[in-house]
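Working notes for the structure below.
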Amino acid sequence: TTENRLTHLKSGNTNLDVRRERRELTDDEIRLLLLTARGCKSHRFILNGWQRFTLYATALGTGIRAKELGSLTPNHFNFETDSPTVRIDAKDEKSRRGDVLPLPADLVGILKPWIGTLPQNAPLWPGTWAVNKRAGKFIQSDLKRAGVAYVDDEGRYADFHALRHTYLSRLGRSGANPKVMQRLARHTPVD
């Protein structure tokens with residue numbers, strides 16, 4: 001067509017259309033969440049307590065999104081180098097580029113012994129929870145059992161994506177260079 005049929009539409013204002021404001025979890029809230037999940041003997045939404053503990057710890061230590069975490073198998077981890085890493089395949093990453101991310105030493109200490117006991121192609125966190133966006137349901141349940149507010153007094157959420165928010169906030173306070181933060185967050189550069 002010779003005319004733009006979309007000119008009548010107004011662009012959105014993200015400041016006015018905040019879907020859900022996330023909050024950073026405090027050290028105490030993180031500790032309570034991880035202890036609660038790790039100590040849970042029952043399954044919640046297919047994952048047992050240990051699986052949820054490692055899932056939360058991995059999200060907090062890497063900033064990897066829920067759907068990306070749901071795609072990981074032991075084959076995605078390389079613990080045999082001086083700097084252990086996790087690989088996200090392009091088909092599973094939000095931006096469809098794929099990436100290799102560093103793993104913090106404390107997370108390696110948790111994951112390496114556990115992952116070593118699993119079949120190489122088995123999902124670390126099996127089920128359709130990530131594809132069906134159910135991670136928020138079991139973190140909400142674990143937060144409740146831990147005595148941590150899912151929504152704080154200011155209306156900010158501690159949902160699963162808040163684990164990524166926590167990772168990035170802490171990375172920023174650590175003095176990380178903005179370019180390093182952008183790379184670790186796997187945000188697309190703005191031209």
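The values are calculated or read from the model by the stated rules, or taken from the named source; none is laboratory data. Everything numeric in this text was worked out from a predicted model, so none of it was measured. In this analysis, Cβ positions are derived from the backbone assuming ideal geometry, glycine residues included, and neighbour counts consider all displayed protein chains. Areas reflect the complete protein model, heavy atoms only, side chains present, ligands, DNA and RNA absent. Shrake-Rupley method; radii C 1.70, N 1.55, O 1.52, S 1.80 Å.
Quick notes
- Measure of compaction for the chain (Cα Rg per 2.2 N^0.38 Å): 1.13
- In the chain, helical runs assigned H by DSSP with n ≥ 4 each contribute -39500 (n - 2.57); averaged across all residues and rounded to the nearest 500, the mean residue ellipticity at 222 nm is -12000 deg cm²/dmol.
- Entry comment: accessible area of the chain is 60 Å² per residue, from protein heavy atoms only and a probe of 1.4 Å.
- With the convex hull constructed from alpha-carbon coordinates only, the stretch 123-191 shows a mean projected area of 7.1 nm² over all directions.
- Linear extension gain, T81 paired with T26, 0.36 nm per residue minus alpha-carbon span: 16.6 nm
- Between the listed residues L171, A158, S141, the Cα displaced farthest toward the positive end of the dipole of the stretch 34-191, a dipole computed from Cβ unit charges relative to the Cα centre, is found at S141.
- In percent, rounded to a whole number, the relative contact order of the stretch 94-191 is 20, using alpha-carbon pairs under 8 Å and six or more apart.
- Each part reduced to its alpha carbon centroid, the stretch 115-186 and the stretch 47-97 end up 11 Å apart.
- Acute angle (nearest 10 degrees) that the helix 105-115 long axis makes with the longest principal axis of the chain, alpha-carbon atoms: 70
- The alpha carbons of the stretch 48-125 occupy a box of 31, 30, 24 Å along the principal axes, longest dimension given first.
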